[in-house]
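Since the structure comes first, as structure tokens, the remarks are kept for the end.
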Amino acid sequence: MTTTLDGRRVLAIVTNYGVEQDELVVPVQHLRERGATVHVAAVDDAPVRTLVGDQDPGTQVDPDTTLDQVDPADYDLLLVPGGTLNADALRLEERALAIVRAVAAAARPVAAICHGPWMLAETGLAEGVRLTSYPSLATDLRNAGATWVDEPVVTDESGGFTLVTSRTPDDLDAFLGAVEQALTD
């Protein structure tokens, strides 16, 4: 049975360069096909230039809004895609950090894949949670107080909000199933 996400609102936050193509495009398309309203918020209103494997040019995505224009209270779930360049730059954006903190503080789900969990370390939200990510982040996340595991998808609710994490685009099927579950719980 296909999950219906009618009425659900999802926010994806990214920089304008370097997000891993499939970690943004596939979830956005998947969630929209199931009825969710999905907004992509970028640092500015210029097109988002995605990459494949952190190096090859990918699909260009027009953002729906900017980080400065977002009200986190308008959304049921926050999506933080990876891409090394994207995630590293995004964690330096104070507005992006404020959005992540606000969603978690409101006990709404946060879903982060690949390098996206760097935002959890940067915001202090990794402390005491069980999660996964791209393997190169394991030390950073452990140092931030997380229990890092090498699994396709991990859902953890011990931080006061539902956290869904995955390792790479290869885990997108499991990740999207867990994201749907978080949106319907």
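Every number here is computed from the coordinates shown, using simple stated rules; none is lab data. None of the values given here were measured: they were computed from a predicted structure. A quick note on method: Cβ atoms are made from the backbone with ideal geometry, for glycine too, and the neighbour counts reach across all protein chains shown.
As a summary of the residue check, Ala107 satisfies the conditions (1) touching a residue at least 60 places away in the same chain (Cβ under 8 Å); (2) on the phi > 0 side of the Ramachandran plot except for the one numbered (1). Within region 140-185, the residues that satisfy the criterion of being outside any helix (DSSP H, G or I), in contact with a helix residue (DSSP H, G or I) (Cβ under 8 Å, 6 or more places away or on another chain) and free of Cβ contacts under 8 Å to residues at least 24 places away in the same chain are Trp148, Asp150, Pro152. Note on region 119-139: among residues that are outside any loop (DSSP other than H, G, I, E, B) and touching a helix residue (DSSP H, G or I) at 6+ places or on another chain (Cβ under 9 Å), the one that is surrounded by the fewest Cβ atoms within 10 Å (Cβ to Cβ) is Ser136. Across region 35-60, the number of residues qualifying as surrounded by 18 or more Cβ atoms within 10 Å (Cβ to Cβ), assigned to a loop (DSSP other than H, G, I, E, B) and in contact with an Asp or Glu (Cβ under 7 Å, 6 or more places away or on another chain) comes to 1. The condition of being under 16 Å from Asp54 (Cβ atoms), surrounded by 19 or more Cβ atoms within 10 Å (Cβ to Cβ) and in contact with a helix residue (DSSP H, G or I) (Cβ under 6 Å, 6 or more places away or on another chain) holds for only one of Leu90, Leu67, that being Leu90. In the condition set (1) within 18 Å of Glu20 (Cα to Cα); (2) loosely packed, with under 15 Cβ neighbours inside 10 Å, Ala96 is compliant with all but (2).
Considering region 61-75, the residues that are free of Cβ contacts under 8 Å to residues at least 40 places away in the same chain and in a loop (DSSP other than H, G, I, E, B) include one that is nearest to Glu23 (Cα to Cα), namely Asp62.
Search region 81-118 for residues being in a loop (DSSP other than H, G, I, E, B) and among the charged types (D, E, K, R), and hand back the single one that is farthest from the chain's Cα centre (by Cα). Looking at the filtered set, the residue picked out is Glu93. From the list Leu5, Leu24, Leu78, the lone residue that is of a type outside the set (Asp, Glu), crowded, with 19+ Cβ neighbours inside 10 Å, touching a Pro at 6+ places or on another chain (Cβ under 8 Å) and not in a helix (DSSP H, G or I) is Leu78.
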